[in-house]
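See below for the structure under consideration.
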Amino acid sequence: GADSYYHGFQGTLRKRFSNGLQVAASYTLSKSIDNQSVDPVASSAGGGLCTTNSRTPADIRDWRNERAVSDFDRRHVLSGIWLYELPAGRGKALAGSAAGWVNHLVGGWSLNGIVSAMTGEPWTVLSGIRTSNNSHVSRADLVGPMPKAELQDKANTVGPVLFRDASAFRIPAPGSNGMGRNMFRGPAYWNVDIGLQKIIALSDRARLQRSEERRVGKECRSR
């Protein structure tokens with residue numbers, strides 16, 4: 001009985017491999033709105049639909065109260081890759097005439113990497129009590145202005161917390177569902193993987209064979 005809407009812009013920039021360098025990057029600006037999100041990872045709980053799960057509607061008789069950004073909504077997503085052959089070794093700018101063990105030592109090196117960065121996902125603060133009906137835990141009520149959710153250290157608490165205390169929230173009145181859904185955003189995420197690779201030619205014969213294959217391939221494409 002749920003519905004969802006997605007709008008987004010996607011863009012890609014790509015430099016094909018040439019002169020020892022390849023770079024590609026993609027960016028997505030999007031917004032997803034629904035009145036129910038189901039997480040496939042939580043399939044052991046029936047797709048996340050249980051009495052204490054934030055994805056379960058607080059009141060199935062009022063779906064408008066569930067309308068908000070999707071649980072998986074990320075406003076900005078940026079990803080990129082690169083591959084760079086170091087200009088050293090036989091035929092390169094540095095040690096281009098190197099032969100034998102010198103070429104095996106300094107040649108064939110390349111750097112590569114993957115970068116991912118994205119804004120955080122929305123989430124909901126629950127009250128822990130079934131104030132509206134016996135089928136689902138209600139959401140908490142706000143006290144005063146909207147507090148800022150950010151990771152921070154708290155004394156005598158293991159790991160960071162998003163709020164110093166619960167003073168900004170209260171249990172909703174009997175018969176009510178509390179604040180709206182997904183009103184807070186989690187922290188942003190980024191990750192960088194970097195690799196160093198070396199290719200070693202087993203013999204000059206193998207190197208010459210690859211050169212000949214590339215030459216034949218160019219002639220075929222030109223025809």
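The values are calculated or read from the model by the stated rules, or taken from the named source; none is laboratory data. In this text the structure is predicted, and so the values were computed from the model without any measurement. Because the Cβ atoms are built from the backbone with ideal geometry, glycine has one as well, and the counts that use them run over all protein chains shown. Heads up: the accessible areas ignore ligands, DNA and RNA and are worked out on the full protein's heavy atoms, side chains in. Shrake-Rupley method; radii C 1.70, N 1.55, O 1.52, S 1.80 Å.
General remarks:
- Flag if Leu111 is under 32 Å from the mean Cα position of the chain (by Cα) and either not polar (S, T, N, Q) or not in a strand (DSSP E or B) (or both): yes
- Applying the set (1) open to solvent by less than 80 Å² (accessible area, probe 1.4 Å); (2) modelled with pLDDT of 95 or more to Gln10 leaves exactly one unmet item: (1).
- Summed over segment 135-161, residues that are in contact (Cβ under 8 Å) with a residue 24 or more places away in the chain, open to solvent by 30 Å² or more (accessible area, probe 1.4 Å) and in a loop (DSSP other than H, G, I, E, B) total 6.
- Residue in segment 203-218 that is at pLDDT 90 or above, part of a loop (DSSP other than H, G, I, E, B) and open to solvent by less than 90 Å² (accessible area, probe 1.4 Å) present: no
- Checked across segment 91-104, the condition of being at pLDDT 75 or above and touching a Gly at 6+ places or on another chain (Cβ under 8 Å) holds for at least one residue.
- Odd one out for Gly1, checked against (1) of a type outside the set (A, V, I, L, M); (2) open to solvent by 50 Å² or more (accessible area, probe 1.4 Å); (3) modelled with pLDDT of 75 or more: (3)
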